[in-house]
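Read-outs throughout are calculated quantities, based only on the coordinates presented, and are distinct from any laboratory measurement. All figures in this text were calculated on a predicted structure; none of them were measured in a lab. For neighbour counting, all protein chains shown are included, and Cβ atoms are generated from backbone atoms with ideal geometry for every residue, glycine included.
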């Protein structure tokens, strides 16, 4: 099962790479002037049928169509291939986690390799849910699949460790309660930082900035839609993250006789909580500009990365379960 899990991770990386390339093709073809007229305003992602209110099918590109319409058709086809490849990658990703858990005879959250695999899966699964609800945001998939390729490949090539039993401190039912909520909220934060960065780029482009990296957002969805998605994802994830921190304190009291000891991972979890709370407060304050508030969301995810990678690699503490 362990060898099968490793192979499934490799295939998942390849599928994410195919999805990223397909999204890039769609993105490159997306400025065709005929795209708005040739492609539907909304598409049923799963069924591959375009609709504009009443579900009119997309006409295939033929000899009688214009060059712009053919380009638009190719862009639409590339987008659908990208979504299909993302679904396949997510299924392979899930199968890798399941087989890894079976091989370890436990939940696959015991070290950095397993944690990164799980968090990245939560992120892509949440993205597919968003895509079903808002297919107009599909072009964000280019950045999301790029993040998936980088994270999953890093996990496989850098963070991989053989399966070992859990350290004694983790043998508790609180392992399921605390770590599952941390994993889930971190996965949503991972997804949330994608539209956050895209919003900052797109907002700059809409304000007339044409330098790098703003020009990359030329074909992104409108800044308002990206900002709204950023807020919804963080507002959904923050209470779960708060519960995870509280559950961790309760577990620490039971395991170590104190709820809080300023262990490096506890400290950085608190820093992340403060930054994300600051983002939500700034987002709800009319006098704070949306781009300023969104920078706090990006900063919050950087603290999450620090807690995941930096603390496990550079610090020693009671939470040093990285496995490296």
query: What order do you get for 133, 265 when you list them from fewest to most C-beta neighbours inside 10 Å?
result: 133, 265
- line: Taking R0 as 30 Å and r as the Cβ-Cβ distance between residue 14 and residue 242, the FRET efficiency 1/(1 + (r/R0)^6), rounded to the nearest 0.05, comes to 0.20
task: Report the residue, chosen from 192, 300, 204, that carries the largest GNM mean-square fluctuation when the chain is represented by alpha-carbon nodes joined by springs under 10 Å.
output: 204
statement: So residue 167 and residue 302, fully extended at 0.36 nm per residue minus their Cα-Cα distance, gain in nm 45.9 nm
field: Hull volume in cubic angstrom per residue (convex hull over the Cα atoms of the chain)
entry: 144 Å³
field: Cα→Cβ-extended label distance, 7 Å offset, between residue 68 and residue 210, nm
entry: 2.1 nm
- prompt: Relative contact order, percent, of the range 151-261 when contacts are C-alpha pairs under 8 Å separated by at least 6 residues?
  reply: 32 percent
statement: So residue 224 and residue 6, fully extended at 0.36 nm per residue minus their Cα-Cα distance, gain in nm 74.4 nm
message: With the crude spin-label approximation of a point 7 Å out along Cα→Cβ, what separation in nm comes out for residue 287 versus residue 267?
response: 3.3 nm
field: Candidates 26, 253, 227: whichever shows maximal mean-square fluctuation once the chain is modelled as a Gaussian network with Cα springs under 10 Å
entry: 253
statement: For the pair residue 256 and residue 132, the simple spin-label estimate (label points 7 Å beyond Cα toward Cβ) gives in nm 4.0 nm
task: Would you mind telling me which residue in 307, 171, 111 has the biggest mean-square fluctuation in a Gaussian network model of the chain, where springs connect alpha carbons within a distance under 10 angstrom?
output: 171
statement: Volume per residue (Å³) of the convex hull spanned by the alpha carbons of the range 121-255 is 128 Å³
- line: Here the equivalent ellipsoid of the range 166-324, derived from its Cα gyration tensor, has semi-axes (largest first, whole Å) of 34, 16, 13
The chain: calculated mean residue ellipticity at 222 nm from DSSP helix runs of at least 4, using -39500 (n - 2.57): -23000 deg cm²/dmol
task: Using a 10 Å cut-off on Cβ atoms, rank the peptides 155-165, 272-282 from the highest mean neighbour count down.
output: 272-282, 155-165
